[in-house]
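Shown next, in structure tokens, is the structure this report addresses.
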Amino acid sequence: MTDDGRIKGIETFSVTIPQEATYLGELRPDEAVNAAGYFVRRGNRTIYPAQMRSAVVRVTLDNGMEGWGETYGLVAPGAIHALVSDIIAPIVAGRSPFEVQAIWEDLYDLMRVRGYTGGFWLDALAAVDIALWDLMGKLTGRPLHDLLGGRHRDRIPAYVSGLPAKGVEAKVELARRFVDRGYRAVKIAASVSYDGVEREIAALREGLGPEIAIMLDCHWMYSPAEAIALLRRLAPYDLHFFEAPCKPEDVAGIADIAAHASVPIAAGEEWRTVYDARARLETRGVSIVQTEMGHTGITQFMRIAHLAQAFHAKVVPHATIGTGIFAAASLHASSTVLALPWHEYQHSIFHTAATLMNGRLECAEGHFSLPEGPGLGVEPGPLFWENARLLG
């Protein structure tokens, strides 16, 4: 094989994503933005920035070719920069992007006594991993889904995630507008269900009819006993899946919920590796795996998907805040997974992200289209650079 280029450098950018409204809906009276620009959702005790942002990496080869990757940069994006510049870039300098899986494994082992199982370290690995796969596609002239073994579908069904309208009636009306545009599934978040989960689910079922799939994201809010009791109360409304019902570290708890549930249990947005997935799949705690490209990167996304298939579980990828780079990677990878009925559609972010990118990034009439071209098929456009800040 000819020498197509070696890794020369890696840069990290913090990119602000323009938005019209606060993510997931307006703040409650007891939620306020602090001096650092963050607020805490009281429902799920999770911190968010008032201005959405993402961490993007650019990997440059010695021949000048560039690959793009992305991870979550919602909070402390400087942490991603520090890990990339101080540890990852010097370690991978001079290596070929075709060594991507070996590079991931080498980097994973470096931090075994320093929080290697999750958090910022594996997020940084995910961003670099995506960029290396992007480079491989560009070097070979092939789209990512070809490198991953070939696609099963050209379009991916999208479910509408989040109905950030105030009040039950407004949420139902917003859901109806999506249904009228061809979407066949919607999901609400318990953490911002200010009128009560049961009331909102009941209203959605009555307003949308029996044919539309309705999902509930619990954002880890309940104990196993509370989650089981809630599922029983929601039984008349035919939930399509019940997401993240208890704390993610409670592996036995989610298995207990699944054993008592009459609907599929979904989880996985916070997982980074196949090792996270294995523990939950072996206990039959989940039957829907919600792999998040922004946390896993492509290498671990595919390993988790293959393990899920071995356990006869379905993959329904998670997707939230990003500039469109890891969204494109997720769509390519998703097209290659056989048992994948839906992909999450964050309507409040996705179309804004599309404006930041050059290349096709589309969701319409209930389906995502695959990006076109070699690698990811998307690259930062003019609006990206207007909102990007080089870290370091």
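Here is a check on your reading of the model: is ALA258 open to solvent by less than 30 Å² (accessible area, probe 1.4 Å) and either of a type in the set (S, T, N, Q) or in contact with a Gly (Cβ under 7 Å, 6 or more places away or on another chain) (or both)? Please lay out each step first, then the result.
Numbers: open to solvent by less than 30 Å² (accessible area, probe 1.4 Å): yes; either of a type in the set (S, T, N, Q) or in contact with a Gly (Cβ under 7 Å, 6 or more places away or on another chain) (or both): yes.
Answer is yes for this residue.
Within the range 237-254, how many residues turn out to be out of contact with any strand residue (DSSP E or B) (no Cβ under 8 Å at 6 or more places or on another chain) and either surrounded by fewer than 19 Cβ atoms within 10 Å (Cβ to Cβ) or of a type in the set (Val, Ile, Thr) (or both)? Step through it out loud before you land on a result.
To start, the set of residues in the range 237-254 that are out of contact with any strand residue (DSSP E or B) (no Cβ under 8 Å at 6 or more places or on another chain) comprises 246-247, 249-253.
Of the ones still in play, those that are also either surrounded by fewer than 19 Cβ atoms within 10 Å (Cβ to Cβ) or of a type in the set (Val, Ile, Thr) (or both) are 247, 249-252.
The qualifying residues number 5.
Among the residues of the range 160-179, is any part of a loop (DSSP other than H, G, I, E, B), of a type outside the set (Gly, Ala, Ser) and modelled with pLDDT of 95 or more? It would help to see each step written out before you state the result.
We begin by selecting, within the range 160-179, every residue part of a loop (DSSP other than H, G, I, E, B); these are 162-167.
Keeping just the survivors that are of a type outside the set (Gly, Ala, Ser) gives 163-164, 166.
Subset that is modelled with pLDDT of 95 or more: none.
Looking through the range 160-179, none of the residues is part of a loop (DSSP other than H, G, I, E, B), of a type outside the set (Gly, Ala, Ser) and modelled with pLDDT of 95 or more.
Among the helices (runs of 4 or more DSSP H) confined wholly to the range 277-392, which include 1 or more residues that are open to solvent by 10 Å² or more (accessible area, probe 1.4 Å) and more than 24 Å from ALA213 (Cβ to Cβ)? Lay out the reasoning, then the answer.
Values: elements: 293-310, 325-335, 347-356, 382-387.
Because the criterion is at least 1 residues that are open to solvent by 10 Å² or more (accessible area, probe 1.4 Å) and more than 24 Å from ALA213 (Cβ to Cβ), the helices (runs of 4 or more DSSP H) in the range 277-392 that meet it are 293-310, 347-356, 382-387.
How many of the residues in the range 364-380 are farther than 12 Å from GLY324 by Cα and among the hydrophobic types (A, V, I, L, M, F, W, C)? If you could, list the steps in order and put the result at the bottom.
First pass over the range 364-380, keeping only residues farther than 12 Å from GLY324 by Cα: 364-370, 372-375.
In the following step, the residues that additionally are among the hydrophobic types (A, V, I, L, M, F, W, C) were identified as 364, 368, 370.
Number satisfying all stated conditions: 3.
Among the candidates VAL160, VAL168, VAL172, VAL179, which residue alone is touching a residue at least 24 places away in the same chain (Cβ under 8 Å), open to solvent by less than 70 Å² (accessible area, probe 1.4 Å), touching a strand residue (DSSP E or B) at 6+ places or on another chain (Cβ under 7 Å) and of a type in the set (A, V, I, L, M)?
VAL160
Among the residues of the range 231-254, write down those that are touching a Cys at 6+ places or on another chain (Cβ under 8 Å) and either among the aromatic types (Phe, Trp, Tyr) or in a helix (DSSP H, G or I) (or both).
Answer for the range 231-254, where residues must be touching a Cys at 6+ places or on another chain (Cβ under 8 Å) and either among the aromatic types (Phe, Trp, Tyr) or in a helix (DSSP H, G or I) (or both): PHE242, GLY253, ILE254.
Given the residues GLU70, GLU31, GLU66, GLU11, which is the only one that is closer than 21 Å to MET357 by Cβ, open to solvent by less than 30 Å² (accessible area, probe 1.4 Å) and among the acidic types (Asp, Glu)?
Working: GLU31 fails: closer than 21 Å to MET357 by Cβ; GLU66 fails: open to solvent by less than 30 Å² (accessible area, probe 1.4 Å); GLU11 fails: open to solvent by less than 30 Å² (accessible area, probe 1.4 Å).
Sole residue among the options that is closer than 21 Å to MET357 by Cβ, open to solvent by less than 30 Å² (accessible area, probe 1.4 Å) and among the acidic types (Asp, Glu): GLU70.
When the residues of the range 23-41 are filtered to those that are touching a residue at least 40 places away in the same chain (Cβ under 8 Å) and in a loop (DSSP other than H, G, I, E, B), which remaining residue is nearest to SER85 (Cα to Cα)? Quick ask: steps written out before the conclusion?
Narrowing the range 23-41 to residues touching a residue at least 40 places away in the same chain (Cβ under 8 Å): 23-26, 28, 41.
Adding the requirement that they be in a loop (DSSP other than H, G, I, E, B) leaves 23-26, 28.
Values: TYR23: 30, LEU24: 33, GLY25: 35, GLU26: 36, ARG28: 38 Å.
In this case the residue turns out to be TYR23.
If we keep just the residues of the range 140-153 that are within 16 Å of GLY359 (Cα to Cα) and in a loop (DSSP other than H, G, I, E, B), which is least open to solvent (accessible area, probe 1.4 Å)?
If we take residues in the range 140-153 being within 16 Å of GLY359 (Cα to Cα) and in a loop (DSSP other than H, G, I, E, B), then GLY141 is least open to solvent (accessible area, probe 1.4 Å).
Any residue in the range 89-98 that is touching a residue at least 24 places away in the same chain (Cβ under 8 Å), among the charged types (D, E, K, R) and surrounded by fewer than 20 Cβ atoms within 10 Å (Cβ to Cβ)?
First pass over the range 89-98, keeping only residues touching a residue at least 24 places away in the same chain (Cβ under 8 Å): 89, 92-98.
Of the ones still in play, those that are also among the charged types (D, E, K, R) are 95.
Remaining after also requiring surrounded by fewer than 20 Cβ atoms within 10 Å (Cβ to Cβ): 95.
Yes; the residues of the range 89-98 include at least one that is touching a residue at least 24 places away in the same chain (Cβ under 8 Å), among the charged types (D, E, K, R) and surrounded by fewer than 20 Cβ atoms within 10 Å (Cβ to Cβ).
I want to confirm something. Restricting to the range 105-131 and keeping residues that are over 13 Å from ALA79 (Cβ atoms) and among the aromatic types (Phe, Trp, Tyr), which single residue is least open to solvent (accessible area, probe 1.4 Å)?
TYR108
For PRO49, are the conditions met, namely being open to solvent by less than 50 Å² (accessible area, probe 1.4 Å) and either aromatic (Phe, Trp, Tyr) or modelled with pLDDT under 90 (or both)?
yes
Report whether or not THR117 is over 30 Å from PRO164 (Cα atoms) and modelled with pLDDT of 95 or more.
Working: over 30 Å from PRO164 (Cα atoms): yes; modelled with pLDDT of 95 or more: no.
Against the criterion (over 30 Å from PRO164 (Cα atoms) and modelled with pLDDT of 95 or more), THR117 does not qualify.
State whether the residues of the range 199-217 include one that is open to solvent by 30 Å² or more (accessible area, probe 1.4 Å) and in contact (Cβ under 8 Å) with a residue 40 or more places away in the chain.
no
Of the residues that sit in the range 45-76 and are of a type outside the set (A, V, I, L, M, F, W, C) and in a loop (DSSP other than H, G, I, E, B), which one is nearest to TRP271 (Cα to Cα)? Step through it out loud before you land on a result.
From the range 45-76, those of a type outside the set (A, V, I, L, M, F, W, C) are 45-46, 48-49, 51, 53-54, 58, 60, 62-64, 66-67, 69-73; that's our starting set.
Adding the requirement that they be in a loop (DSSP other than H, G, I, E, B) leaves 45, 51, 62-64, 73.
Numbers: ARG45: 18, GLN51: 24, ASP62: 33, ASN63: 35, GLY64: 34, GLY73: 16 Å.
Here the answer is GLY73.
The values are calculated or read from the model by the stated rules, or taken from the named source; none is laboratory data. Since this is a predicted model, take the numbers as computed values, not measurements. All Cβ positions, even for glycine, are placed from backbone atoms using ideal geometry, and neighbour counts span all protein chains on display. Surface areas here come from the heavy atoms of the whole protein model, side chains and all, with no ligands, DNA or RNA. Shrake-Rupley method; radii C 1.70, N 1.55, O 1.52, S 1.80 Å.
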